[in-house]
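Heads up, the thing below is written out as structure tokens.
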Amino acid sequence: MAIESFDRAEAERRLPEFGRLLEAALTAQTRARAPYSNFPVGAAILAGSGAIYPGCNVESASYGATICAERTALVAAVVAGEKAIRACVVVTPTPEPSSPCGICRQLLAEFGPDTAVYAATSLGDPVMAATLGDLLPNAFWAKDLAESAKVGGEPR
């Protein structure tokens, strides 16, 4: 899948669970704690089991302690015992969908380059879709660590 743009109806056609994921992400967005950025974000993870895990951004005055919606949803899935994810839907309060940030892309990439990401907006119908491999083509993968271990962890 390349990075593509379409409407919610097409997203539902491509990912039958999209409607439920979008609803969970929109509900989570209303629960976001975003007093500094005023940018509430909601997300929902579709786990390998078929369960859906919502998340929202939670901001801190110490900006580095802030956590994004995609990561809170992913952490909820892992805490519940999930080992695989199939998709992530993220919703932002923008006219056009906003892609996950770099940290979220990297953490989502832990679950594989074929993980689908759907970005939507709470203000309209547009949807952007891509795989993690498309969004983060040169991710730092577990194999990179394994290759380092093969050479004794010494700098190359």
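Candidates in the range 108-121 are the residues that are farther than 17 Å from V78 by Cβ and among the hydroxyl-bearing types (S, T, Y); of these, the one that is farthest from the chain's Cα centre (by Cα) is T121. Among the residues of the range 42-54, those identified as farther than 18 Å from T94 by Cβ and either in contact with a helix residue (DSSP H, G or I) (Cβ under 7 Å, 6 or more places away or on another chain) or in a helix (DSSP H, G or I) (or both) are I45, L46, A47, I52, Y53, P54. Would it be correct to say that Y63 is modelled with pLDDT under 95, more than 22 Å from G133 (Cα to Cα) and aromatic (F, W, Y)? Judged against the criteria, Y63 is a match. The set of residues from the range 116-134 being surrounded by 22 or more Cβ atoms within 10 Å (Cβ to Cβ) and either more than 14 Å from L15 (Cα to Cα) or not small (G, A, S) (or both) comprises V117, Y118, V127, L132.
Output the qualifying pairs, or none if there are none: Cβ atoms under 7 angstrom, residues six or more apart or on different chains, first residue in the range 95-107 and under 14 Å from L74 (Cα atoms), second residue outside any helix (DSSP H, G or I) and modelled with pLDDT under 95. Qualifying pairs under 7 Å: R105/L136; Q106/L136; Q106/A139; Q106/F140.
Let's see how each residue does on (1) of a type in the set (D, E, K, R); (2) over 16 Å from the mean Cα position of the chain (by Cα); (3) more than 23 Å from G81 (Cα to Cα):
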{"site": "S5", "(1), (2), (3)": "no, yes, yes"}
{"site": "E12", "(1), (2), (3)": "yes, yes, yes"}
{"site": "F18", "(1), (2), (3)": "no, no, no"}
{"site": "A44", "(1), (2), (3)": "no, no, no"}
{"site": "P54", "(1), (2), (3)": "no, no, no"}
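The set of residues from the range 10-41 being part of a helix (DSSP H, G or I), under 18 Å from Y53 (Cβ atoms) and acidic (D, E) comprises just one member, E23. For the criterion of being touching a Lys or Arg at 6+ places or on another chain (Cβ under 9 Å) and either buried (at least 17 other Cβ atoms within 10 Å of the Cβ) or within 26 Å of R14 (Cα to Cα) (or both), Y53 fails. For C104, which of the numbered conditions (1) under 19 Å from L22 (Cα atoms); (2) touching a Pro at 6+ places or on another chain (Cβ under 7 Å); (3) assigned to a helix (DSSP H, G or I) fails to hold? Among (1) under 19 Å from L22 (Cα atoms); (2) touching a Pro at 6+ places or on another chain (Cβ under 7 Å); (3) assigned to a helix (DSSP H, G or I), C104 violates only (2).
The set of residues from the range 55-74 being more than 19 Å from L108 (Cα to Cα), in a loop (DSSP other than H, G, I, E, B) and of a type outside the set (G, A, S) comprises just one member, E59.
The set of residues from the range 22-50 being under 19 Å from E12 (Cβ atoms) and surrounded by fewer than 22 Cβ atoms within 10 Å (Cβ to Cβ) comprises E23, L26, T27, G50. The number of residues in the range 40-57 being over 12 Å from T27 (Cβ atoms) and in contact with a Cys (Cβ under 6 Å, 6 or more places away or on another chain) comes to 2.
The values are calculated or read from the model by the stated rules, or taken from the named source; none is laboratory data. Note that the structure is predicted; figures quoted are calculated from it, not measured. Cβ coordinates were reconstructed from backbone atoms using ideal geometry, including for glycine residues, and neighbour counts include every protein chain displayed.
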